[in-house]
Amino acid sequence: MKIIVTGGAGFIGSHIVDACVKSGHKIEIIDNLSSGSSENVPRDVPLHQVDIRDTLSIAKIFKTFQPDAVCHQAAQLSVSRSVREPL
């Protein structure tokens with residue numbers, strides 16, 4: 001199965017990526033690295049350093065990769081920042 005993991009360079013996302021790779025799935029990661037790290041990404045897994053709000057870039061990734069599923073782990077970690085800057 002082809003799966004996109006948003007936030008795949010973060011703590012939870014990277015563990016999901018590892019489990020999916022172990023299960024034989026083809027994975028691509030979308031992460032802006034605002035809180036994640038490229039060091040958490042396996043060498044053989046493509047990392048798209050893109051913000052999920054960048055709809056044009058996201059559309060290109062989806063069109064090219066054509067995933068069967070998306071595991072959405074991208075999130076704003078700071079509640080106070082989310083309240084100050086909801087968009």
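Please compute the net charge surrounding residue 27, taking Lys and Arg as +1 and Asp and Glu as -1 over other residues with Cβ under 13 Å from its Cβ. Kindly include the intermediate steps, with their values, before the conclusion.
On the way: positive: 2, 22, 26, 43; negative: 18, 28, 31, 44, 68.
Neighbour charge sum, excluding residue 27 itself: -1.
Using only helices, what value at 222 nm comes out for the chain when you add -39,500 (n - 2.57) per DSSP H run of length 4 or more and divide by the total residues, to the nearest 500 deg cm²/dmol? Walk me through the numbers before you get to the answer.
Working: 3 runs with 29 residues, N = 87.
The helix contribution divided over the chain gives -9500 deg cm²/dmol.
In the chain, which trypsin sites (Lys or Arg not before Pro) fall in coil by DSSP and have 11 or fewer other Cβ atoms within 10 Å?
Counting only loop positions with at most 11 other Cβ atoms within 10 Å, the trypsin sites (Lys or Arg not before Pro) in the chain are 43, 53.
Can you list the HN-Hα couplings for segment 39-46, worked out from phi with the Karplus curve (6.51, -1.76, 1.60; θ = phi - 60°), rounded to whole Hz and with x for Gly and Pro?
Once rounded to whole Hz, the list reads 5, 7, 9, x, 4, 8, 10, x.
Between residue 33 and residue 19, what is the spin-label point distance in nm, taking each point 7 Å from the Cα along the Cα→C-beta axis?
2.6 nm
Return the sequence-ordered ³J(HN,Hα) values of segment 61-69 in whole Hz as given by the Karplus equation 6.51 cos²θ - 1.76 cosθ + 1.60 applied to θ = phi - 60°, using x for Gly and Pro.
Couplings: 4, 5, 5, 6, 7, 6, x, 7, 8 Hz.
Values in this text are rule-based calculations from the coordinates and carry no lab data. Everything quoted here is computed from the prediction, not taken from an experiment. Every residue, glycine as well, gets a Cβ built from its backbone with ideal geometry; the counts of neighbours run over all protein chains shown.
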